[in-house]
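A.B. asks: Sharing a structure below in structure tokens format, with a few things to ask.
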Amino acid sequence: MLSVRTASHPALYRVNPASFRDGNGDGIGDLEGLIAALPYLKALSINGVLLPERVVIPGSVQRQLVENGLGVWQDAAIGSVKQLQPLVRELSCGELAVDVVPYSIERLVSALSARRDTLRQSVWMTGDAFQARVVSRWGQGDLRSASAYLTLLAMLPATICLYQGEELGLPHAAALEEPQGAQSPMPWHEAPEQATAGQLDWYQRVAIEHRAMAVSRQQQDEHSTLRYCQLLLKLRQLPLIQQGELMEVSQRNGMVRLVITHLDQCLEALINLQPYTQAAAPSVANMSMAWQLGAQAESHQWVIAGFGCAVFTRQEVTQEVFCESMGVTHG
């Protein structure tokens, strides 16, 4: 039996079973489909699955999730979620979507800065089945924005929760005021010939604009939003994020800077939340790190494309330097 992936700041995945995956071929998502998707969920490097309060979760389903290393969480009272398995734990919701309405970059950074010291007490979410998707709500429909907002969320030293499909960068499949736009069936297959006979009806109900962003396609593309999200969630497993402190969250002209420290380690994320290219320099303490990673020699700057991002990590003792990036030119 596998042990559940324990984490001080777990990464959860919010599932709306009816639109996630069909496990019995009737065209409607169900818990059988959730179990069938376990290999996909494990590859995401999440720590648990968050299900709606109205869904009855049989003990057999809970056991299968736990045996595959995933905690079982469920919506509890308004504004909170509760872990059912393997241990009971309750957290309040600090939904970024609620705290930054109407949305602006300044309001987003202000909300995070104001809660910097209490981030660990809440679970921070991209949204749910009744809210417009992040790409459309905050990125104004620009598909590139998915990687930027995923980076912002994934680097927080707090419990986080992605709503299904956000890891694919899906836009809202309707007008922003229409909640059904977040309930379009999860796009597992790019083309009908990839689906079995029992899955064909499911494929036909997937939003047309989502089909080219299907799991089957993104799994094969090393530069896809899905593959980048997998890297981010794996990076979250580092003690630096699990035990670190958010020392700085700031922005200048839409370029957001996050700095996390723990013992001899430092992580700095530069996230461009504007649709146009900007140059950005790490903090003075990390100038040498930027230079090791290929920044311009004169100014230690990186050229970051619209909605691009770079995450630097450094360990003082070994002097090892790492970088994960999307949309970055090294000068």
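A.B. asks: By the scheme Lys and Arg +1, Asp and Glu -1, what is the net charge of all other residues having a beta-carbon under 11 Å from that of Gln85? Display every interim value, and only then the final one.
C.D. replies: Working: positive: Arg63, Lys82, Arg89; negative: Glu67.
Result for the local shell: +2.
A.B. asks: If you don't mind, there's one more thing I want to ask. Kindly state, to the nearest 0.05, the FRET efficiency for Arg205 paired with Leu38, given R0 = 25 Å and r defined as their beta-carbon distance. Show your work: numbers first, answer last.
C.D. replies: On the way: r = 23 Å, r/R0 = 0.92.
The pair Arg205/Leu38 has a calculated efficiency of 0.65.
A.B. asks: Let me know the charge dipole size of the range 155-275 about its Cα centre in debye, to the nearest 20, where only the beta-carbon of Lys, Arg (+1) and Asp, Glu (-1) is charged. If you can, show how the numbers build up before the last one.
C.D. replies: Numbers: 8 positive and 14 negative charges, 26 e Å.
Using Cβ point charges on Lys, Arg, Asp and Glu, the range 155-275 gives about 120 debye.
A.B. asks: Let me ask something else. Would you mind checking the tilt of helix 105-114 against the longest principal axis of the Cα atoms of the chain, expressed as 0 to 90 degrees and rounded to 10?
C.D. replies: Computed tilt is about 90 degrees.
A.B. asks: Could I ask something else about it? At what distance in angstrom do the alpha carbon centres of the range 26-52 and the range 107-178 lie from each other?
C.D. replies: Distance between centres, Cα-based: 20 Å.
A.B. asks: Which length gain, in nm to one decimal place, applies between Val56 and Phe130 when the Cα-Cα distance is subtracted from 0.36 nm times their residue separation? Don't skip to the end; give the middle numbers.
C.D. replies: On the way: separation 74, 0.36 × 74 = 26.64 nm, distance 1.97 nm.
Extra length from Val56 to Phe130 when fully extended: 24.7 nm.
A.B. asks: I would also like to ask the following. Out of [x] 34, 23, 16; [y] 38, 24, 18; [z] 32, 22, 19, which label holds the value of semi-axes √(5λ) of the Cα gyration tensor in Å that was computed here?
C.D. replies: Here the calculated entry is [z].
A.B. asks: Okay, moving on. R0 = 45 Å: FRET efficiency of Arg63 with Ala279, Cβ-based, nearest 0.05? Walk me through the numbers on the way to the answer.
C.D. replies: Details: r = 52 Å, r/R0 = 1.16.
For Arg63 and Ala279, the calculated efficiency is 0.30.
A.B. asks: Next up: Let me check I've understood the local charge: for Gln121, count other residues with C-beta under 13 angstrom from its C-beta, Lys and Arg +1, Asp and Glu -1. What total comes out? List each step's numbers first, then the result.
C.D. replies: On the way: positive: Arg89, Arg115, Arg116, Arg120; negative: Glu90, Asp117.
Combined, the nearby Lys, Arg, Asp and Glu give +2.
A.B. asks: Oh, and also: Using only DSSP helix segments of four residues or longer, with each worth -39500 (n - 2.57), what per-residue ellipticity at 222 nm results for the chain after dividing by its residue count and rounding to 500? Walk me through the numbers on the way to the answer.
C.D. replies: On the way: 14 runs with 88 residues, N = 331.
So the calculated ellipticity at 222 nm is -6000 deg cm²/dmol.
A.B. asks: Work out how much length Asn24 to Glu106 would gain on full extension: take 0.36 nm times their residue separation and subtract the Cα-Cα distance, in nm to one decimal.
C.D. replies: Working: separation 82, 0.36 × 82 = 29.52 nm, distance 4.62 nm.
Computed gain between Asn24 and Glu106 is 24.9 nm.
A.B. asks: If I take R0 = 30 Å and measure r between the Cβ atoms of Glu248 and Leu176 in this structure, what FRET efficiency does the formula 1/(1 + (r/R0)^6) give, to the nearest 0.05? Show your work: numbers first, answer last.
C.D. replies: Numbers: r = 32 Å, r/R0 = 1.06.
Step by step, r from the Cβ atoms, then E = 0.40.
A.B. asks: Counting only the backbone N, which residues of the range 151-173 are under 15 Å from the spot 7 Å out from the Cα of Ser92 toward its beta-carbon?
C.D. replies: 159
Read the figures in this text as sums done on the coordinates, not as results from a lab. Bear in mind that the values here come from a model prediction, so they are computed numbers and not experimental data. In this analysis, Cβ positions are derived from the backbone assuming ideal geometry, glycine residues included, and neighbour counts consider all displayed protein chains.
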